[in-house]
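Data block below; observations after.
The values are calculated or read from the model by the stated rules, or taken from the named source; none is laboratory data. Note that the structure is predicted; figures quoted are calculated from it, not measured. No Cβ is skipped: glycine too gets one built from the backbone with ideal geometry, and neighbour counts run over all protein chains shown. With ligands, DNA and RNA removed, areas are computed over all heavy atoms of the protein, side chains included. Shrake-Rupley method; radii C 1.70, N 1.55, O 1.52, S 1.80 Å.
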Amino acid sequence: PPSQSSNVINLRRLNGLRLIVLAAEILVVWLAMTRWMLLLPVWPLAALFIAVFAASLLTAIRLHLARDISDPELFAQFTVEVLAFTALLYLSGGASNPFAPFYLLPLVLTAMALPGAYAWAMIALTVLSYSLLTRFYVPLPEVHAGHGDYSGAGLHDLGMWTGFVFSALLIGGFAVRMGRSVRERDRRIAELHEQRLQQELDDRGEPGLG
């Protein structure tokens, strides 16, 4: 069915997006430790990155199977993204992390890919996660002007700008591709409807649509 095939396409794109975000997160952590000299919990972060990469491999194997993707399964994949991102923020400053607005990414994608009930569930999950991170997190060390020529405020502003631009690019790219998939699905549905109508007319011995 078209709705199920759309879920397969969206999950494939989500898995590619997951790898892009993972690479960006590793790059940011590397810059934070080498350029800005931030003391981050290296081993917990490494374990988290390995777990996300393993989830991506498992998803790729799942996509290789000749079975459809249900709405609950696609929503579970979005949930994995939120939980992994929450763990990352917990280890790197909580809600004060300049990349916290990334929570909008899985929220927007869920709203575009799934029925409304799932979007409301994602809203609840992201709001709860963000709220918990205002109280429970590993604080980031202070950044002084001598570290990478950035003050703490300047580094935070740079992170906010980078996070916004990266989120905008990912959401925009995913939305364009998803819109193309929806239009293609609607076109196929219209073609199937026209073929079915033509077949009914042929069975009745009536003149064709052309």
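The table that follows gives values for the structure above.
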quantity	calculated
Count - residues of the range 44-61 that are open to solvent by 30 Å² or more (accessible area, probe 1.4 Å) and of a type in the set (Val, Ile, Thr)	2
Selection from the range 79-97 of residues that are in a loop (DSSP other than H, G, I, E, B) and crowded, with 21+ Cβ neighbours inside 10 Å	Ser92, Gly93, Asn97
Search result, residues across the range 98-131 that are surrounded by 12 or more Cβ atoms within 10 Å (Cβ to Cβ) and without any contact (Cβ under 8 Å) to a residue 24 or more places away in the chain	Leu107, Ala111, Ala119, Trp120, Ile123, Val127, Leu128
Every residue from the range 14-43 that is open to solvent by less than 60 Å² (accessible area, probe 1.4 Å), of a type outside the set (A, V, I, L, M) and in a helix (DSSP H, G or I)	Asn15, Gly16, Arg18, Glu25
Every residue from the range 62-78 that is open to solvent by less than 70 Å² (accessible area, probe 1.4 Å) and within 16 Å of the chain's Cα centre (by Cα)	Asp71, Glu73, Leu74, Phe75, Ala76, Gln77, Phe78
The range 48-77, residues that are outside any helix (DSSP H, G or I) and charged (D, E, K, R)	Arg67, Asp68
Tally of residues being within 27 Å of Pro115 (Cα to Cα) and among the β-branched types (Val, Ile, Thr) across the range 15-72	6
Residue satisfying condition, being modelled with pLDDT under 90, aliphatic (A, V, I, L, M) and under 20 Å from Phe166 (Cα atoms), within set Ala32, Ala23, Ala87	Ala32
